[in-house]
Amino acid sequence: MEETFLFLIEVVGTIAFAISGIRLAAAKRFDWFGAYTVGLVTAIGGGTVRDVLLDIPIFWMQTWWYLAVTGLAFAIVVLLRKALVRNIKTLFVFDTIGLALFVMIGIQKSLATGYPMWVAIVMGMITGSFGGVVRDILINEEPLFFRKDIYATACLAGGAMYWLISICGGSEILQQSCCAVTVILLRVLAVRYSWSLPVLKNDID
């Protein structure tokens, strides 16, 4: 039951992240193959790095589902391209959903492998954010991860909430849900109230 739940969450996260990547590729006028590739890399990039670091089988090589799900995301963008590409808010929505779900998955998989919570939180951040880093590099944009936006910080906050609920004796479902909600809420509030981290300034300028 637990494995099925995590798989479904990972599929939903894959769709969300793939749409965010394909949507940006469409805005950059990539061809269909290029757009699909950007979507796929966005969806599987973070999880691939996580599995390599954890020395476990790479998740998307175990089933064709992830390639197919990315294809579904591509079809959604093609069919709804006017609404998805022109509306800048769609990138934020799908990117935030994918981020939240993949942070949760990264933490859960790391704990299941036997690593301590602090490692799991780092793996959650990598799972959630690294695909977006590669996506932004491929489309020649400055990665969100390195900007002053609340992005990686939201991942760490979600991981901290996961840890807190675990210490308090909450169920795994509650831990996962609170983690995802924390990431989403922090991202939404950061955009709503223009929260950001301090910028490292160059004193020469």
Scanning for something over 15 Å from the mean Cα position of the chain (by Cα) and either assigned to a helix (DSSP H, G or I) or surrounded by fewer than 24 Cβ atoms within 10 Å (Cβ to Cβ) (or both), does the stretch 93-104 turn up at least one residue? no
Report whether or not Thr70 is over 14 Å from Gly132 (Cα atoms), in contact (Cβ under 8 Å) with a residue 60 or more places away in the chain, surrounded by 16 or more Cβ atoms within 10 Å (Cβ to Cβ) and not charged (D, E, K, R). no
Give all pairs with beta carbons closer than 6 Å in which a residue from the stretch 114-132 that is farther than 7 Å from Gly46 by Cα meets a residue that is in a helix (DSSP H, G or I) and of a type in the set (Val, Ile, Thr); count only pairs at least 6 apart in sequence or on separate chains. Ala120/Ile107; Gly124/Val103; Gly124/Ile107
From Ser110, Ser177, Ser166, Ser129, grab the single residue that is within 24 Å of Phe59 (Cβ to Cβ), more than 17 Å from the chain's Cα centre (by Cα) and part of a helix (DSSP H, G or I). Ser166
Would you tally the residues in the stretch 132-163 being among the hydroxyl-bearing types (Ser, Thr, Tyr) and part of a helix (DSSP H, G or I)? 2
Any idea which residue in the stretch 161-190 is modelled with the lowest pLDDT, counting only those that are of a type in the set (A, V, I, L, M) and exposed (fewer than 14 other Cβ atoms within 10 Å of the Cβ)? Ile173
Let me spell it out: the conditions are (1) part of a loop (DSSP other than H, G, I, E, B); (2) closer than 23 Å to Gln176 by Cβ; (3) free of Cβ contacts under 8 Å to residues at least 24 places away in the same chain, and Thr4 meets all of them except one. Which number is the exception? (1)
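Quick grid of which residues meet (1) touching a Phe, Trp or Tyr at 6+ places or on another chain (Cβ under 9 Å); (2) hydroxyl-bearing (Ser, Thr, Tyr); (3) modelled with pLDDT of 85 or more; (4) more than 26 Å from Thr4 (Cβ to Cβ):
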site: Asn87; (1), (2), (3), (4): no, no, no, yes
site: Leu99; (1), (2), (3), (4): yes, no, yes, no
site: Val133; (1), (2), (3), (4): yes, no, yes, yes
site: Phe145; (1), (2), (3), (4): yes, no, no, yes
site: Ile150; (1), (2), (3), (4): yes, no, no, yes
Being more than 14 Å from the chain's Cα centre (by Cα) and not aromatic (Phe, Trp, Tyr) is the filter here, so list the residues in the stretch 39-61 that pass it. Asp51, Val52, Leu53, Leu54, Asp55, Ile56, Pro57, Ile58, Met61
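The values are calculated or read from the model by the stated rules, or taken from the named source; none is laboratory data. Computed from a prediction, not measured in an experiment: that's the story for all the values here. Note that we place each Cβ from the backbone using ideal geometry, even for glycine, and neighbour counts take in every protein chain shown.
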